[in-house]
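First the structure, in the form of structure tokens, and then the observations on it.
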Amino acid sequence: MTSLRAAWELHSSAGKCLEAFLISMSTHILVTNSKGGCGKTTVATNLAVGLQVQGKEVVLWDYDIQGSSILWSHNRMTASEENSQIKPLKAVACNSSKPGKETLSFQRYKYESAPFIIIDATAGKIPDSELERLIRISDMFIVPAMSSSFDIKATERFLTGLLTHRLYRSRPRPVGLLENRSIGGRDNSDGFLSFLACIDIPKIAELKDSPIYQEAADAGLGIAEMGDTRAAQREYKSWKQVLAWVENQGTEESRKPPRKAPRVPGSASSSEEALTKRETG
């Protein structure tokens, strides 16, 4: 019995070492927020296309059991059959219908390395075991958020959980906030700016609430492939900012340990600082 246990422990240890090595071969970008409807799949698929257009190999991991990224990839496969300039993009369903269980396809493909792996996280609250794995393997985090008061509150709670998680605190990594479905207007802008004033997390870009995103999703495309319309050109400028942010996280300067971890939303220091800024402004 002892020898069997020792053999199992050796096998398990070797498996973990292999997993760690293979994970290190890819850049994992986690697109996540516990707030439903914030546009995680829209961001994940457009980021994947943006990187692919730059000539990079990309794989999508879809952790949402709704399978929106998987559906998008099927639409893209159809588009590629009709247009040779559209390249297919592999997407793998990760979660089965049983809580905490991986799909057989993900068990088969999860150790295949690609330069970039974009992770479309689960909608709603992520189970603890899944969250730990995602934090452990991710090299950077993109958090889509809308500017309504409800969305800001939910995003604040989510960021608090992420930034205080032991696996993040032990190895802080880049976190970027992406304002999604912006409708403009001073009230919305002021609310989001006040939120940003309380945290040390950059706003990467602002995406407009435009029907062109639904058109792109239905066609299995990304904004980078939507032609020369005014809306496509405007939104692609924002996506260039997102892609530049991702690229900058790979520079030697950005890999240096941060002088301090990002400020936790809702902390006394962040609230006092935001109040001081408003009073002096």
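Report, by residue number, each residue of segment 168-197 that is in a helix (DSSP H, G or I), modelled with pLDDT of 90 or more and surrounded by fewer than 16 Cβ atoms within 10 Å (Cβ to Cβ).
R169
Within segment 123-137, restricting attention to residues that are among the β-branched types (V, I, T) and assigned to a helix (DSSP H, G or I), which residue is modelled with the highest pLDDT?
In this case the residue turns out to be I135.
Within segment 215-235, count every residue that is farther than 19 Å from P88 by Cα, over 19 Å from the mean Cα position of the chain (by Cα) and not in a loop (DSSP other than H, G, I, E, B).
Total satisfying the criteria: 5.
When the residues of segment 201-214 are filtered to those that are of a type in the set (A, V, I, L, M), in contact with a helix residue (DSSP H, G or I) (Cβ under 6 Å, 6 or more places away or on another chain) and not in a helix (DSSP H, G or I), which remaining residue is surrounded by the most Cβ atoms within 10 Å (Cβ to Cβ)?
L207
Is there any pair linking a residue in segment 145-163 that is in contact (Cβ under 8 Å) with a residue 12 or more places away in the chain to one that is among the acidic types (D, E), with Cβ under 8 Å and at least six apart or on different chains, and which?
Note: pairs meeting the criteria are A145/D151; A145/E179; M146/E179; S147/E179.
Within segment 104-112, identify whether any single residue is surrounded by fewer than 24 Cβ atoms within 10 Å (Cβ to Cβ), of a type in the set (A, V, I, L, M) and modelled with pLDDT of 85 or more, and answer yes or no.
No: zero hits.
Check segment 54-77 and report whether any residue there is out of contact with any strand residue (DSSP E or B) (no Cβ under 7 Å at 6 or more places or on another chain), assigned to a loop (DSSP other than H, G, I, E, B) and either surrounded by 23 or more Cβ atoms within 10 Å (Cβ to Cβ) or of a type in the set (S, T, Y) (or both).
Checking segment 54-77: not a single residue is out of contact with any strand residue (DSSP E or B) (no Cβ under 7 Å at 6 or more places or on another chain), assigned to a loop (DSSP other than H, G, I, E, B) and either surrounded by 23 or more Cβ atoms within 10 Å (Cβ to Cβ) or of a type in the set (S, T, Y) (or both).
Every residue in segment 138-167 that is charged (D, E, K, R), assigned to a helix (DSSP H, G or I) and more than 16 Å from G39 (Cα to Cα), please.
Residues satisfying the conditions are K153, E156, R157, R166.
The values are calculated or read from the model by the stated rules, or taken from the named source; none is laboratory data. Here the structure is a predicted model, which means the values were calculated and not measured. Methodologically, a virtual Cβ is constructed for each residue, glycine included, from the backbone with ideal geometry; neighbour enumeration extends over all protein chains shown.
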